[in-house]
Amino acid sequence: MPQVKIEELKSSIGKELGRSKWLTIDQQRINQFADCTGDHQFIHVDPEKARQTPFGSTIAHGFLSLSLIPMLMDGIMLVPEGLKMAINYGFDSVRFIQPVKVDSKVRLVATLLDVHEKNPGQWLLKVRAVLEIEGSEKPAYISEILTLCFV
C-alpha cells in the first residue's frame, strides 16, 4: 500500500484511487470458501442444481466477494505515512447488486470518501469499493468500507 503524507491523503478525498487487476472467480475458490465458512448452499457448490436456477450456474457467496477487498485493494489503497498497522473497522454500507457467476472476472474500483483523525495517531479512512463484473453494466456490490490506520 502506498504511504503518503496526511495532506496528500486528504487531498485525495473524492478521487478514484484506482482499479485492481481482473480476477477470475472459479469453482475451486467458491468451494474453498464454502468449506471455510460451512456455507454449502447448492447455489454455490452444486453446478448441476444451480443450472436449473434463474442464474444458470453456481454463484460466489456475497461474503466471498467482500472478503476479496484486502487482496484487490493491495497496491491501490493509500495509507498515511508512517503506518504501523491497519485494521478493518467495518462497513458503513454494503449493497449486493447482482451475483458473481462462476468463472466471471471481477475487479475492484476504490474511491476515497473521507479521512479523519479518530484519536491521536489513528486515522479513519472511508473508501467506496465497487466490485465490477467484466462485461456487465451493473456491479456485484457497492460498499463503503472503514479502515483504521495506526501511525
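The values are calculated or read from the model by the stated rules, or taken from the named source; none is laboratory data. These numbers come from a predicted model, not from an experiment. All Cβ positions, even for glycine, are placed from backbone atoms using ideal geometry, and neighbour counts span all protein chains on display.
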Of (1) touching a residue at least 60 places away in the same chain (Cβ under 8 Å); (2) surrounded by 14 or more Cβ atoms within 10 Å (Cβ to Cβ); (3) not in a loop (DSSP other than H, G, I, E, B), Glu8 satisfies every one except (2)
Given (1) closer than 26 Å to Tyr89 by Cα; (2) part of a loop (DSSP other than H, G, I, E, B), Ser57 misses just (1)
Checking Ile97, Ile87, Ile59 in turn, the sole residue that is of a type in the set (Val, Ile, Thr) and closer than 16 Å to Leu124 by Cα turns out to be Ile87
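Mind checking whether some residue in the stretch 121-128 is in contact with a helix residue (DSSP H, G or I) (Cβ under 6 Å, 6 or more places away or on another chain), among the β-branched types (Val, Ile, Thr) and not in a loop (DSSP other than H, G, I, E, B)?
So in the stretch 121-128, the residues in contact with a helix residue (DSSP H, G or I) (Cβ under 6 Å, 6 or more places away or on another chain) come out as none.
No.
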In the stretch 80-108, residues that are surrounded by 18 or more Cβ atoms within 10 Å (Cβ to Cβ), among the hydrophobic types (A, V, I, L, M, F, W, C) and farther than 22 Å from Glu137 by Cβ total 1
* Return yes or no: is Arg51 in contact with a helix residue (DSSP H, G or I) (Cβ under 8 Å, 6 or more places away or on another chain), charged (D, E, K, R) and either modelled with pLDDT under 95 or farther than 30 Å from Gly121 by Cα (or both)? => no
Looking only at the stretch 82-104, decide whether some residue is among the hydroxyl-bearing types (Ser, Thr, Tyr) and within 15 Å of Ile133 (Cβ to Cβ).
yes
Scanning the stretch 51-65 for residues that are touching a residue at least 40 places away in the same chain (Cβ under 8 Å) and either more than 30 Å from Phe150 (Cα to Cα) or surrounded by fewer than 18 Cβ atoms within 10 Å (Cβ to Cβ) (or both) gives Phe55, Gly56, Ser57, Thr58, Ile59, Ala60, Gly62
Next on the checklist: Among the residues that make up the stretch 75-89, is at least one of them within 24 Å of Ile25 (Cα to Cα), of a type outside the set (D, E, K, R), part of a strand (DSSP E or B) and out of contact with any Phe, Trp or Tyr (no Cβ under 8 Å at 6 or more places or on another chain)?
Outcome noted: yes
Of the residues in the stretch 24-47 that are touching a helix residue (DSSP H, G or I) at 6+ places or on another chain (Cβ under 7 Å) and among the hydrophobic types (A, V, I, L, M, F, W, C), the one that is surrounded by the most Cβ atoms within 10 Å (Cβ to Cβ) is Ile30
Selection status of Ile69, more than 15 Å from Ser104 (Cβ to Cβ), crowded, with 19+ Cβ neighbours inside 10 Å and β-branched (Val, Ile, Thr): yes
Of Glu117, Glu137, the only residue that is in a loop (DSSP other than H, G, I, E, B) and acidic (Asp, Glu) is Glu137
